[in-house]
């Protein structure tokens with residue numbers, strides 16, 4: 001990270017961005033007390049600029065996490081996973097020491113991109129963090145698009161990808177067949193077989209920047225193409241977007257609050273902490289129909 005830089009107009013807020021302008025640590029505020037109008041505007045501006053932002057040492061109760069989320073937007077949908085009983089907008093991402101099933105959120109994806117209106121952002125607050133493993137990788141879809149050659153940009157202009165949850169959450173999907181998950185309740189449903197098309201290149205509604213909007217976990221084809229044609233193209237775009245030059249590795253500590261932009265960012269939850277408990281609490285913010 002670069003040195004901390006005070007944010008003009010904010011009351012003590014500072015930002016320490018990554019060297020590529022993707023990802024930034026923010027500090028100087030107490031999120032449990034809520035954000036002042038000036039600080040809220042500064043956080044929103046930093047989020048638009050850096051796409052992934054995080055705050056360290058921020059203890060938050062469930063109501064405080066909900067209140068912070070509501071300052072940033074309206075709650076989004078959380079399909080296929082049971083929320084906390086008394087907090088329907090908070091999903092507890094929990095893995096117990098005895099579990100050997102796949103890590104929830106493992107594999108590159110944009111949260112719930114298979115919905116007709118995918119969430120704009122995700123907030124994730126760390127409670128219990130193992131002493132090893134558990135980093136989250138983030139990939140920058142905006143810089144990945146900018147780095148494409150002109151022929152590829154021209155070739156994918158106007159194309160739309162089919163997004164579906166059938167692979168993980170359908171009646172024949174992964175979660176319907178797994179056994180041994182105890183930390184979370186994950187559902188399978190015929191609704192997961194639905195699919196919606198979204199543009200392969202999405203224009204960000206705040207910044208106006210184009211970015212790749214593809215999700216290896218959920219983008220299952222391209223509208224108007226047969227699989228023999230679409231699969232190689234998608235595989236090439238997936239591999240490009242997740243090259244090391246577009247990726248940052250985020251390490252967690254208890255009471256870290258991280259916010260990322262699902263409209264232009266992929267993420268991948270890594271493992272490596274078998275035998276340890278890991279608990280985080282998540283909310284999503286409602287988004288727009290991709291254009």
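Just a few scattered comments:
- Matching entry among 280, 233, 212, 237 (being touching a helix residue (DSSP H, G or I) at 6+ places or on another chain (Cβ under 7 Å) and modelled with pLDDT of 95 or more): 212
- Identity of the residue in the stretch 136-171, under 21 Å from residue 270 (Cα atoms) and in contact with a helix residue (DSSP H, G or I) (Cβ under 8 Å, 6 or more places away or on another chain), that ends up surrounded by the fewest Cβ atoms within 10 Å (Cβ to Cβ): 167
- Residue check for residue 130: in contact with a helix residue (DSSP H, G or I) (Cβ under 7 Å, 6 or more places away or on another chain), touching a residue at least 24 places away in the same chain (Cβ under 8 Å), surrounded by 15 or more Cβ atoms within 10 Å (Cβ to Cβ) and part of a loop (DSSP other than H, G, I, E, B): no
- Selection status of residue 89, more than 13 Å from the chain's Cα centre (by Cα) and at pLDDT 95 or above: yes
- Test: residue in the stretch 189-202 that is within 20 Å of residue 270 (Cα to Cα) and in contact with a helix residue (DSSP H, G or I) (Cβ under 8 Å, 6 or more places away or on another chain): no
- Residues within the stretch 177-187 that are more than 20 Å from residue 216 (Cβ to Cβ) and surrounded by 13 or more Cβ atoms within 10 Å (Cβ to Cβ), tallied: 4
- If you go through the stretch 61-86 and keep only what is in a loop (DSSP other than H, G, I, E, B) and under 20 Å from the mean Cα position of the chain (by Cα), you end up with 73, 74, 76, 77, 78, 79, 80, 82, 83.
The values are calculated or read from the model by the stated rules, or taken from the named source; none is laboratory data. All of these numbers come straight from a predicted model, not from anything done at the bench. Cβ atoms come from the backbone with ideal geometry, glycine included; neighbour counts cover every protein chain shown.
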